[in-house]
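Just so it is clear, none of the values below were taken in a lab; they were calculated from the coordinates. Here the structure is a predicted model, which is why all the values come from computation and not from measurement. Cβ sites come from the backbone with ideal geometry, for glycine too, and all protein chains shown count toward neighbours.
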Amino acid sequence: MPVWQYLLFIVVGMVVFSFLGSLLPPVGLIGYDWVNFFSTPAQEEGLSYYPPWVEYVSYLTWPGLIGLTFTGLALGLYQRRASLLVMSIAFFTLPALWLVFLGQIEGLIVFGLTGMPWLVPLVTIKPQVGYLAFLARKKDLAVLLIWLALTTAIWGLWPLDMLTISNFTAWEEPHDISVWPWSLPLVVVLLWLSRGDEDMLMLAGVFALPYLHSYHYFVVLPAMARLTWWVAILAAVVSWLPLLANWFGPWAWQLGHLFPMILWVSLYLQRQTRSASKTIPA
């Protein structure tokens, strides 16, 4: 994708989505996390396990956050050559709408992934599976290591703060569907099978998150561009299944695991099909 086209996409996307964000102000339950955590630089409670530069997010404003969030999603899908149908479907999944409802910042990670490795500060702005994307290419991994070394020299051993996420898992929220550490054997296998593929690595990594809600899947939504239209529709429908917990009880939140698994399995089968076609003699 030419640089001029990339920048033009960002400008147009920011204008459109920031305007739409201004029409949906963060009041009441809309944008709760933005109002109570990210919009105030001095706010520390709830952000203790985030990297130090998360405090600069407050300068974005609410429309700016919405603009970057959906521009990043649209751009990530476009870079993977998503059809208009699949692109539209991705915008109406539970992770996408729940993220906006909360006012969370996974959208900044997705935006950062569109400009890898140069937007490393955005990709690493939250302890999320975006870190695993750097394993796909050696150049990206080198940039990550340089960035971690630089920020550690500035802010000290901030990565150790990420361990305090255990304070939040102790709340035992019903919609926290993390299966860590029991998922570790599965995650190791999935990561091995995913090597070299940025999307598959992140999809495998979601099962290792010690604190996991369905809106965290926003980071892997661009991978939907690589699905066939009917699998994309299936995945989108399945993404809403956790809301069945409102009728069938807390166990239904666990249905959220089906969404990333469908995406990972689909991409893995595509990889196996390509590999098999290369081994068939002409």
How high is the relative contact order of region 3-274, in percent, with contacts defined as C-alpha pairs under 8 Å that are six or more residues apart? 21
Dipole-positive endmost among P63, Y50, G115 within region 1-150 (Cβ charges, Cα centre): G115
If you take the beta carbon distance between Y59 and R80 as r and set R0 to 35 Å, what does 1/(1 + (r/R0)^6) give as a FRET efficiency, to the nearest 0.05? 0.70
With 30 Å as the cut-off, how large is the P(r) tail for region 3-274, expressed as percent of Cα-Cα pairs? 25
What lysines sit close enough to K126 to cross-link, taking a C-alpha to C-alpha distance under 26 Å and skipping anything fewer than 8 places away on the same chain? K138, K139
Work out the length of the dipole vector of region 3-274 about its Cα centre, built from +1 on the beta-carbon of each Lys and Arg and -1 on the beta-carbon of each Asp and Glu, and round it to the nearest 20 debye. 1080
Sites K278 and K138 - FRET efficiency at Förster radius 30 Å, r taken between beta-carbons, to 0.05: 0.85
For every helix of n ≥ 4 consecutive DSSP H residues, a contribution of -39,500 (n - 2.57) applies; sum these over the chain, divide by its total residues, and give [θ] at 222 nm rounded to the nearest 500 deg cm²/dmol. -15500 deg cm²/dmol
Kirkwood Rh over alpha-carbon pairs of region 1-117, then Stokes-Einstein at 4 °C and 1.567 mPa s: what D in µm² s⁻¹, rounded to an integer? 88
